Amino acid sequence: MSSYPDDTKLVHMNIPGAHDAATWNYTLEAKLKVPPSDWLRCQEKSIGEMLESGIRAFDLRLEQDVAHVNLVFWLGTALLSQTASVDDMMFGFYQWLDEHPTEVLFLSWMREGSQVNAAAVQQRIYNTLLDLSGREAIYFASACPERWEDNRASITVIYNEDRINGSGDGTAHIEDHYGPETLPSSSLQENIDVKLDAVQSHLTNSEQPDPLYWGFASGKNVQHDVAVTPALIAQG
């Protein structure tokens, strides 16, 4: 990212990201009475491999572990790992950033599941962001920095995907058309076409000068006559 001029607006940058980034290692052994792993896995590379491939924005779903001790990664009702904690991931990001000082990461955090113990979860998120040794690397604000030179920290954390301030009216336009609206009897190609149309439309809209656009290319329709998984959608 060192090649970007300091006055570049973040909303004018194309930042590659990963949807449901923690699902790469989700297997049948990890599931707790939830759908098959290929219904949920949106990635095949680890977060470290994605970093080395150029991914700089990560969509992550978190919740307390079953013992209510640590924050770990979930997708819906699927516990992705009981041992890989959010704290562990953050330390991994800090180490990677130490080795790549010109890079910046964007993390979108979303809580999965119920709102039980909301205060406890919020406290754990607070502790993760403030108590870890890398806290000076994190940008604390209700809005994303507008310009590249304003992003003085190495990690910008976005919690809750409802609104993300970039510039203009402060609203992020998020394309998360994860389940293409097709008939149960529809073919794989029909589902790919619907998803691709949503992605292309979002990219076209992003040509406007200032709003922040955030989009995902993954999708699924696993309840159809023939299950359309994220891996199959990715073929499009």
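The values are calculated or read from the model by the stated rules, or taken from the named source; none is laboratory data. In this text, all values refer to a predicted model and were calculated from it rather than measured experimentally. Here the Cβ is made from the backbone with ideal geometry for all residues, glycine too, and neighbour counts use every protein chain on show.
Points to keep in mind about this one:
A quick yes/no check of all residues on (1) surrounded by 12 or more Cβ atoms within 10 Å (Cβ to Cβ); (2) assigned to a loop (DSSP other than H, G, I, E, B); (3) modelled with pLDDT of 80 or more:
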| position | (1), (2), (3) |
| --- | --- |
| 109 | yes, no, yes |
| 114 | no, yes, no |
| 119 | no, no, yes |
| 125 | yes, no, yes |
| 129 | yes, no, no |
| 149 | yes, no, no |
| 161 | yes, yes, no |
| 191 | yes, no, yes |
| 194 | yes, no, yes |
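- Unmet criterion (only one of (1) surrounded by 13 or more Cβ atoms within 10 Å (Cβ to Cβ); (2) modelled with pLDDT of 90 or more) for residue 200: (1)
- Residue that is surrounded by the most Cβ atoms within 10 Å (Cβ to Cβ) [pool: residues in the stretch 209-236 that are assigned to a loop (DSSP other than H, G, I, E, B) and touching a His at 6+ places or on another chain (Cβ under 9 Å)]: 219
- Top-ranked residue of the stretch 131-144 - restricted to ones that are surrounded by 13 or more Cβ atoms within 10 Å (Cβ to Cβ) and over 20 Å from residue 57 (Cβ atoms), ranked as modelled with the lowest pLDDT: 135
- Selection count, the stretch 56-90, where residues are part of a strand (DSSP E or B) and among the β-branched types (Val, Ile, Thr): 1
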